[in-house]
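This report concerns only the one structure given below.
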Amino acid sequence: MMLSAKWSRVVIIVTTLLILAVVNWAIWEKERHLAEGDIVYLELAPVDPRSLMQGDYMALNFELSNAIQRALRQHHEEGTPKAKNGDVIVRLDEQRIAHFQRLDDGTSLADDEQQLRYRIRNGQVRFATDAFFFQEGHVERYEPARYGRFRINEDGEPLLVSLHDSELNLLGASAR
């Protein structure tokens, strides 16, 4: 009986250490992604910026999502199976604003192109998140938002960092 209690403690300690290691690895990966990822701006599509039920936030939709939806519909009409998740190829202009080029077809990327991973959720194309939360009462700071600034890792995974106006000026308090 005494041996069983010791082994139980060992299992609990090892499991706890393993969980902590996995969580810290995930945090380190996200921090590295934010620090080292390529900067890309995605143009926002109009959405309702407020929700009284959830506090102050801006629901996000991107013009690029709409272009991907159109391309996926076209592929579906041509008999190509509809993808759940995938990659899109965008062309980056001199300000690093992304412009739809094509769905990823395996061809090599040009120097001014970037691969981005998207996901289909509830029939909609999403990049990283569909909302940007901000402090209660600061809606006026984010009303001029026209672009989302993302950091893209080597796998094409985007992380939203901040919102910007039509001149790419940072809105709100912090930037990365």
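The values are calculated or read from the model by the stated rules, or taken from the named source; none is laboratory data. A quick note: this is a predicted structure, and the numbers were derived from the prediction, not measured. Every residue, glycine among them, receives a Cβ derived from its backbone with ideal geometry; neighbour counts consider all protein chains shown.
Annotations
- Of residues in the stretch 102-138 being part of a loop (DSSP other than H, G, I, E, B) and of a type in the set (Asp, Glu), the one farthest from LEU64 (Cα to Cα): GLU136
- Taking the criterion of being surrounded by fewer than 18 Cβ atoms within 10 Å (Cβ to Cβ) and closer than 23 Å to LEU72 by Cα, the only residue of the stretch 132-155 that qualifies is ASP155.
- Members of the stretch 128-141 that are closer than 26 Å to GLU154 by Cα and in contact with a Phe, Trp or Tyr (Cβ under 6 Å, 6 or more places away or on another chain): ALA131
- Counted residues, the stretch 139-152 - those being in a loop (DSSP other than H, G, I, E, B) and modelled with pLDDT under 90: 3
- For ASP48: the one exception among (1) at pLDDT below 80; (2) surrounded by 10 or more Cβ atoms within 10 Å (Cβ to Cβ); (3) over 22 Å from GLN101 (Cβ atoms): (2)
- Considering (1) more than 15 Å from the chain's Cα centre (by Cα); (2) farther than 23 Å from ASP38 by Cβ; (3) in a strand (DSSP E or B), the lone condition that HIS99 does not fulfil carries the number (2).
- The set of residues in the stretch 134-176 that are more than 21 Å from GLN114 (Cβ to Cβ) and of a type in the set (Phe, Trp, Tyr) comprises PHE134, TYR142.
Yes/no per residue for (1) touching a Lys or Arg at 6+ places or on another chain (Cβ under 6 Å); (2) of a type outside the set (A, V, I, L, M, F, W, C); (3) outside the structural domain of GLU29 (by TED's automatic domain parsing):
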| residue | (1), (2), (3) |
| --- | --- |
| ILE120 | yes, no, yes |
| ARG126 | yes, yes, yes |
| THR129 | no, yes, yes |
| PHE133 | no, no, yes |
| ARG141 | no, yes, yes |
| ARG151 | no, yes, yes |
| ASP155 | no, yes, yes |
| LEU171 | yes, no, yes |
